[in-house]
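Participant: Starting off with a structure, shown below.
The values are calculated or read from the model by the stated rules, or taken from the named source; none is laboratory data. Predicted model only: the values in this text are computed from it and were never measured. For neighbour counting, all protein chains shown are included, and Cβ atoms are generated from backbone atoms with ideal geometry for every residue, glycine included.
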């Protein structure tokens with residue numbers, strides 16, 4: 001059985017482990033289940049993610065990870081020129097694809113946008129100008145918020161919306177719940193048996209896209225007060241450990 005797990009809101013909150021998540025993943029592996037991690041957060045590099053997982057007690061390698069940065073990179077042709085607004089994980093994925101990274105003012109064929117913690121007006125203005133001039137506008141994801149132990153912060157979707165308004169162009173989205181992320185997941189792992197996430201609008205719709213059941217956890221963006229949600233999950237539990245207990249037995 002293939003379990004597809006979101007990271008933020010399921011395994012951790014901004015790198016702080018959610019109680020029981022490491023033990024739940026260990027139990028899945030001990031039972032012979034296959035685990036794939038699929039995240040819409042394009043900021044960290046693959047080695048960052050492996051290290052972060054290790055710090056919360058989960059041993060993983062980069063081959064077990066699919067990111068929205070990789071999904072966005074898959075939409076561009078090797079050798080094409082792109083400008084980046086985003087973190088090092090997005091830069092890494094584009095370089096691995098063979099995309100040449102250039103400043104937004106240098107006539108890129110595409111502008112690729114992900115979550116970034118460092119923004120300035122000049123870079124955003126240049127990106128919007130490049131899009132208006134005809135550059136393809138690719139977004140890693142449009143999650144409006146990002147869960148942390150201290151509450152919700154603006155997600156990549158807030159930045160994408162800024163550039164959509166500034167450029168007058170709608171972004172082409174690669175990450176969950178869109179096809180590019182689904183294609184990468186299936187190519188690497190096959191058909192998922194369960195998608196576990198904290199967001200119905202991304203994880204739930206992604207499960208629908210793949211024709212897989214959706215398990216909603218209430219440890220991230222979605223809380224008990226937000227229920228009911230659409231699409232309707234097949235399982236609703238407090239956290240990943242409770243989902244694993246429900247599926248494998250307490």
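Participant: Please go through the stretch 125-149 and pick out each residue that is more than 12 Å from residue 112 (Cα to Cα) and either in contact (Cβ under 8 Å) with a residue 40 or more places away in the chain or surrounded by 22 or more Cβ atoms within 10 Å (Cβ to Cβ) (or both).
Facilitator: Matches in the stretch 125-149: 125, 126, 142, 143, 145, 146, 147, 148, 149.
Participant: Please work out which residue is nearest to residue 166 (Cα to Cα), limiting yourself to the stretch 106-124 and to residues that are surrounded by 15 or more Cβ atoms within 10 Å (Cβ to Cβ) and modelled with pLDDT under 95.
Facilitator: 123
Participant: Applying the selection to the stretch 196-235, what residues are under 21 Å from residue 181 (Cα atoms), touching a helix residue (DSSP H, G or I) at 6+ places or on another chain (Cβ under 7 Å) and without any contact (Cβ under 8 Å) to a residue 24 or more places away in the chain?
Facilitator: Selection gives 213, 214, 216.
Participant: Residue pairs, Cβ under 6 Å, 6 or more apart or interchain, first in the stretch 9-29 and within 15 Å of residue 49 (Cβ to Cβ), second in a helix (DSSP H, G or I). List them.
Facilitator: Pairs found: 10/240; 11/21; 15/52; 21/240.
Participant: Considering only residues of the stretch 47-59 that are touching a strand residue (DSSP E or B) at 6+ places or on another chain (Cβ under 8 Å) and either within 23 Å of residue 156 (Cβ to Cβ) or assigned by TED's automatic domain parsing to the domain that holds residue 104 (or both), which is surrounded by the fewest Cβ atoms within 10 Å (Cβ to Cβ)?
Facilitator: Within the stretch 47-59, the match that is surrounded by the fewest Cβ atoms within 10 Å (Cβ to Cβ) is 56.
Participant: With 201, 183 as the choices, which residue is crowded, with 19+ Cβ neighbours inside 10 Å, assigned by TED's automatic domain parsing to the domain that holds residue 41 and out of contact with any strand residue (DSSP E or B) (no Cβ under 9 Å at 6 or more places or on another chain)?
Facilitator: Being crowded, with 19+ Cβ neighbours inside 10 Å, assigned by TED's automatic domain parsing to the domain that holds residue 41 and out of contact with any strand residue (DSSP E or B) (no Cβ under 9 Å at 6 or more places or on another chain) holds for just one of 201, 183, which is 201.
Participant: Among the residues of the stretch 133-158, which ones are over 13 Å from residue 202 (Cβ atoms) and either touching a strand residue (DSSP E or B) at 6+ places or on another chain (Cβ under 6 Å) or not assigned by TED's automatic domain parsing to the domain that holds residue 90 (or both)?
Facilitator: Result: 135, 136, 137, 138, 148, 149, 152, 153.
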